[in-house]
1. From the C-alpha coordinates alone, can you work out the Kirkwood hydrodynamic radius of the stretch 135-230, in Å?
2. Pick out the long, greasy-scoring helices in the chain: whole DSSP H runs spanning 18 Å or more along their own axis by Cα, mean Kyte-Doolittle at least 0.5.
3. In Å and whole numbers, how far do the C-alpha atoms of the chain stretch along each principal axis, longest first?
4. If you take the charge dipole of the chain about its Cα centre, with +1 on Lys and Arg Cβ and -1 on Asp and Glu Cβ, which of Gln49, Ala212, Ile25 is farthest toward its positive end?
5. What is the extension gain from Gln198 to Lys7, computed as 0.36 nm multiplied by their sequence separation minus the C-alpha to C-alpha distance, in nm to one decimal?
6. Can you send over the carbon and sulfur percentage of the accessible area for the chain, probe radius 1.4 Å, protein chains only?
7. Of Lys5/Lys143; Lys6/Lys156; Lys15/Lys224; Lys91/Lys143; Lys134/Lys233, which ones are farther than 25 Å apart at the Cα?
8. Compute the FRET efficiency between Leu151 and Lys95 as 1/(1 + (r/R0)^6), taking r as their Cβ-Cβ distance and R0 = 45 Å, and round to the nearest 0.05.
Amino acid sequence: MACLKKKDLAERLSKAAHQETNITILTKDDQEEFVNVLADSFSEDPMLQWVADLPEESSADKRHATLLDLSTYIFGLNVTTLKRGTVMGVKDSDKCIQGVMCVIPSGSRFSTTWDILWHTLKNGLPPMYKSKTKADYGKMSAKRLDSLDGLTKRRKILMKNYTQWIHLQTIGVHRLHQGKGVGGKLLRSLIAAADASQATIYLETESADNEALYKYFGFRTLEKFELFVPGDKSEDSHFSCWLMVRDPK
């Protein structure tokens, strides 16, 4: 069986979106706004806090500003999803984006070094490498950022025997709209499209609460994966992620 193509996934997502309100496929014209929404929604994310390795003396305001800066940089990479997959959004009556979901079908290539190089050339180095912001991060932050590549390598191994599958790369809701069912709308549309395609959905999440939430939507945990940097002796040297799939119905 051939791998799931971007065009086929986009068509099924568009059809599924009609069953929910205010969901639309986002385009290049939306990219600045959807990156900002993702950056805001993940600005207190535990994985980003682990990567940032923030100094203990940082004030609450400084911590938030630093995490928002890092989140903006990381989710800027999601712009490449416009080429390799589909970005869905929920918009309010004023056409402002409330939530975003980025998905990539198995027929599209994985993110490569060239994607990261393009992002770096366009947006500069990650903030922990810049002279103006380097002091805002801990000494392990650069290596912890690099360690995230371990998730990509593990995904390739776990999904190598699947042909029809979708990577739920990111799903996030602006903090002003969390708890209003926005994320559920996006996830239900993806599940409907995946079932129509007879495709498995794969995702990575970083808390036991999120694992329980995804299990409610029919996902199961493949394994618990530990991120770490060799030589890191700090108390939080290891960070746990749950790697999950949902089989088509």
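The values are calculated or read from the model by the stated rules, or taken from the named source; none is laboratory data. On a predicted model such as this, the values are computed, not experimentally measured, just so you know. Cβ coordinates were reconstructed from backbone atoms using ideal geometry, including for glycine residues, and neighbour counts include every protein chain displayed. Just the protein is used for accessible areas: all its heavy atoms, side chains included, with ligands, DNA and RNA removed. Shrake-Rupley method; radii C 1.70, N 1.55, O 1.52, S 1.80 Å.
1. Numbers: mean 1/r = 0.0642 Å⁻¹.
One over the average 1/r among Cα pairs gives 15.6 Å for the stretch 135-230.
2. Values: long enough: 60-75 (22 Å, 0.01); 182-197 (23 Å, 0.81).
Going by DSSP H runs, the hits are 182-197.
3. Answer, in whole Å and largest first: 50, 43, 35 Å.
4. It is Ile25, whose Cα lies furthest towards the positive end.
5. Extra length available between Gln198 and Lys7 comes to 67.2 nm.
6. Ligands and nucleic acids excluded, carbon and sulfur reach 52 percent.
7. Among Lys5/Lys143; Lys6/Lys156; Lys15/Lys224; Lys91/Lys143; Lys134/Lys233, the Cα-Cα distance tops 25 Å for Lys5/Lys143; Lys15/Lys224; Lys91/Lys143.
8. Using R0 = 45 Å, I get an efficiency of 0.85.
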